[in-house]
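A short write-up of the structure that comes next.
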Amino acid sequence: MHYISTRGGGEPMTYTETLLEGLAADGGLAVPALLPRVEAETLESWRALDYAALATEVLGLFATDIPRDDLARMCRAAYAPETFPVAVPLRPIGGGITLVGLSEGPTLAFKDMAMQFLGQALEYALEKQDGVLNIVGATSGDTGSAAEHALRGKERVSVFMLSPQGRMSPFQRAQMYSLQDGNVHNLAVDGVFDDCQNLVKALAGDLAFKRAHRLGAVNSINLARITAQVVYYFWAWLRATDGIDDAAGFEVSFTVPSGNFGNILSGHYARRMGLPIRRLVLAANENNVLDEFFRTGLYRPRAAAQTLATSSPSMDISKASNLERFIHDLVDQDPVRLRDAWAELDAQGHVDFSEQQSRFTEEFGIVSGTSTHADRLATIRAVHEGSGEIIDPHTADGVKVARGFVEPGVPMLVLETAKPQKFAETIREAIGIDVELGPELRALLDAPQHVTEIPNDERTLRDFVQEHALR
Ligand SMILES: *Cc1c(COP(=O)(O)O)cnc(C)c1O
């Protein structure tokens with residue numbers, strides 16, 4: 001199994017090579033040269049496996065350069081009960097809808113699912129080549145904390161995470177800044193998220209500096225994260241079809257609250273691998289560039305300045321970095337057509353795929369919808385009244401959009417991308433209840449915080465990285 005760039009350049013890469021690289025050498029994204037197929041009997045033979053064992057099977061199809069025993073050990077460590085006390089529970093909430101619990105990890109959001117595996121895989125790859133890596137990233141909340149919790153205490157990796165000063169929720173701040181590990185460096189930048197991202201880009205764009213200081217990234221285009229997310233689509237299908245006599249070919253639909261198109265891309269890959277998925281429902285918030293794209297075929301990404309700040313903030317993205325991998329499939333994996341499409345986008349600010357629009361649903365099973373602040377509040381309220389469950393605002397966007405696509409006899413599985421505790425204010429606004437925090441979370445909010453405040457200045461960041469980087 002090897003990996004190629006969506007833009008056609010460079011040499012084929014192994015799984016481990018894609019792990020340590022961010023973008024492919026030609027600016028494209030690494031994609032599997034050929035997706036593995038999973039036949040019905042194989043799928044059925046996985047039914048009795050626990051989550052870590054299933055992850056070993058599914059990831060084993062991708063990470064063919066990692067010996068099976070090593071991979072199994074990494075999956076056991078990533079999905080250990082200490083990290084995920086319950087592994088991906090399914091909870092029906094009525095109306096044909098079931099939640100897939102992806103937020104049982106240390107930072108209460110689904111990014112833990114992939115990041116915990118990535119932490120193991122990075123450590124493994126670095127040990128093999130006796131190297132070190134300094135991760136420099138920017139976060140508006142969820143990605144940074146998931147990365148820090150996955151990499152804390154690792155000997156060969158350090159993390160420099162930039163966050164916008166005063167712009168994260170108290171809970172998000174506590175999750176990151178309370179970490180005491182020497183390899184975790186929190187940098188609060190006097191600026192907004194875009195400023196943080198620009199600083200990171202400036203450093204990563206300086207190839208000499210990047211090489212000299214062994215800089216790396218763990219952002220949402222990382223292929224290991226995409227493949228680790230494929231696992232839970234298989235898991236959810238197996239659990240949803242437990243007890244069905246002849247489950248082969250039994251179709252379920254998934255709804256995915258989406259931002260960077262990473263999570264739903266994993267579903268798209270699972271479907272192409274042969275998992276019986278009827279619909280992949282993309283749920284957007286008010287930043288609904290992707291909803292427009294899937295409904296009309298017109299792709300019109302917006303500038304950062306036109307991105308709205310919403311009450312489902314982890315979906316406030318107007319240029320989804322993983323969409324390129326889907327477009328690559330849409331242009332039948334032809335790098336020339338892909339580059340032409342992006343040239344058109346650069347020239348006109350939009351690119352028109354409307355002639356292909358019928359394929360979105362017919363061939364790829366993808367449909368989409370938008371949810372607004374009012375929808376979010378109404379859905380949190382309705383789900384609470386109907387089932388007693390409190391769902392977070394992102395999951396509420398999913399449930400709202402899913403309702404329009406429920407079909408008789410087809411289970412609708414909505415991915416729960418965060419826990420309500422992370423977004424207490426919106427929950428209070430919706431149902432007038434303060435979500436309960438367990439003793440651990442209360443202690444977290446009170447713990448001493450470690451953060452270095454820096455100006456929005458590249459020089460200062462360079463000096464800091466230079467001084468603290470592993471070498
Ligand atoms: C990151 C995130 C999303 C969006 O996921 P993508 O893979 O970027 O589409 C949705 N909800 C929550 C809570 C998130 O943290």
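3J(HN,Hα) along segment 286-293, derived from phi through the Karplus expression 6.51 cos²θ - 1.76 cosθ + 1.60 where θ = phi - 60°, amounts to 4, 7, 9, 4, 6, 5, 4, 4 Hz, with x in place of Gly and Pro. Its Cα gyration tensor gives segment 431-471 an equivalent ellipsoid, and the semi-axes of that ellipsoid, as √(5λ) in whole Å with the largest first, are 37, 15, 8. Applying the Karplus relation 6.51 cos²θ - 1.76 cosθ + 1.60 with θ = phi - 60° to segment 375-391 yields 3J(HN,Hα) values of 4, 4, 4, 4, 6, 4, 5, 5, 5, 5, 5, x, 10, x, 7, 9, 10 Hz, where x marks Gly and Pro. Summarising the overall dimensions of the chain from its C-alpha atoms, the Rg and Dmax are 21.1, 64 angstrom. Computing FRET efficiency as 1/(1 + (r/R0)^6) for GLU436 and ILE244, where r is the C-beta to C-beta distance and R0 is 41 Å, gives about 0.70.
For LYS210, a cut-off of 12 angstrom between C-alpha atoms picks up these aspartates and glutamates, skipping any fewer than 8 places away in its own chain: GLU21.
Which entries in LYS111/LYS319; LYS154/LYS201; LYS154/LYS422; LYS201/LYS400; LYS154/LYS400; LYS128/LYS422 show an alpha-carbon gap greater than 29 Å? Long pairs (Cα-Cα over 29 Å): LYS201/LYS400; LYS154/LYS400; LYS128/LYS422. Answer rounded, prolate or oblate for segment 305-351, using the Cα gyration tensor with square roots of eigenvalues a ≥ b ≥ c: rounded when a/c is under 1.5, else prolate when a/b is larger than b/c, else oblate. Judged from the Cα gyration tensor, segment 305-351 comes out oblate (a/c at least 1.5, b/c at or above a/b).
Value of Rg to Rh for segment 370-471, rounded to two decimals, is 1.19; Kirkwood radius and Rg both from alpha-carbon coordinates. Remark: relative contact order (segment 1-148) = 16 percent; criterion is Cα-Cα distance under 8 angstrom and separation of 6 or more residues.
Inter-part distance, segment 214-266 to segment 8-63, computed on C-alpha centroids, equals 12 Å.
We did not get these values from a lab; they are worked out from the coordinates using the rules stated. Please read these numbers as outputs of a predicted model, since none were measured by experiment. Backbone-built Cβ (ideal geometry, glycine too); neighbour counts: all protein chains shown.
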